[in-house]
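Note sheet for the following structure.
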Amino acid sequence: KTIHFLILNNSYKNLKAILQGLFDTDGYCSISKSIKKGINVVVGFTSTSPILLDQVQNLCLQLGIVFKRKVCFKGGQSNFSGKQYQCKKAWSLICSNQKNTRIFQKEIGFRISRKGEKFKFLKDQKFQSEQFSEYIPFVGEWLMNNFSPKKSINIDDLKLTFRKNTSH
């Protein structure tokens, strides 16, 4: 599954509608409770397509919403209602901090009321400072692909080079 490139290069209004449709079908909204943070709203999107997950994550980043990616099912045999099924590996994009969840609610939201009604818990919460919870998408994956744990890291390999914009 992927989003066609013609759809990806669409208007803001249409991209928002595409994301709403994807989250209404394969997305979820849940409540987590902890002693330390109290009630928290978690928004997620699950798929077996890594390409689709990249596309959804990038579209959300364009709207200012940061999602983390996690494996939610390793694949293999599963038992549903007494029957055995062979299932693919699946990943979830997860948004669990208040800042990004509030942006998701404002920019995308859910059209399905049973999913969207969980946002009412955000209204009752005081906004928490999340100065230590920022996340940079795709960096972990890049590091894993470019630096194995057994390989020594040369500091010069980590330097970034910037190209001067000469298009003006």
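The values are calculated or read from the model by the stated rules, or taken from the named source; none is laboratory data. Computed from a prediction, not measured in an experiment: that's the story for all the values here. Ideal geometry is used to build each Cβ from the backbone, glycine not excepted, and the neighbour counts take in all protein chains shown. Heavy atoms of the whole protein, side chains included, go into the accessibility calculation; ligands, DNA and RNA do not. Shrake-Rupley method; radii C 1.70, N 1.55, O 1.52, S 1.80 Å.
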Taking the condition at pLDDT below 90 and over 14 Å from the mean Cα position of the chain (by Cα), does LYS99 pass?
no
When only residues in segment 68-84 that are at pLDDT 85 or above and closer than 29 Å to LYS118 by Cβ count, which is surrounded by the fewest Cβ atoms within 10 Å (Cβ to Cβ)?
SER81
Would you point out the residue of segment 30-54, among those that are under 10 Å from the mean Cα position of the chain (by Cα) and more than 17 Å from PHE110 (Cα to Cα), that is most open to solvent (accessible area, probe 1.4 Å)?
ASP54
Within segment 1-29, take every residue that is in contact (Cβ under 8 Å) with a residue 24 or more places away in the chain and among the β-branched types (Val, Ile, Thr) and give me the one that is most open to solvent (accessible area, probe 1.4 Å).
THR2
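Residue-wise test of (1) in contact with a His (Cβ under 7 Å, 6 or more places away or on another chain); (2) farther than 22 Å from ASN10 by Cβ; (3) aromatic (Phe, Trp, Tyr); (4) not in a strand (DSSP E or B).
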residue	(1), (2), (3), (4)
SER30	no, yes, no, no
GLY44	no, yes, no, no
ASP54	no, no, no, yes
LEU59	no, no, no, yes
ILE65	no, no, no, yes
LYS70	no, yes, no, no
GLN84	no, yes, no, no
THR101	no, yes, no, yes
ARG111	no, no, no, yes
Which count do you get for residues in segment 1-41 that are within 13 Å of GLN55 (Cα to Cα) and either of a type in the set (S, T, N, Q) or touching a Cys at 6+ places or on another chain (Cβ under 8 Å) (or both)?
3
Inside segment 64-82, the number of residues satisfying the requirement of being free of Cβ contacts under 8 Å to residues at least 12 places away in the same chain and at positive phi is 3
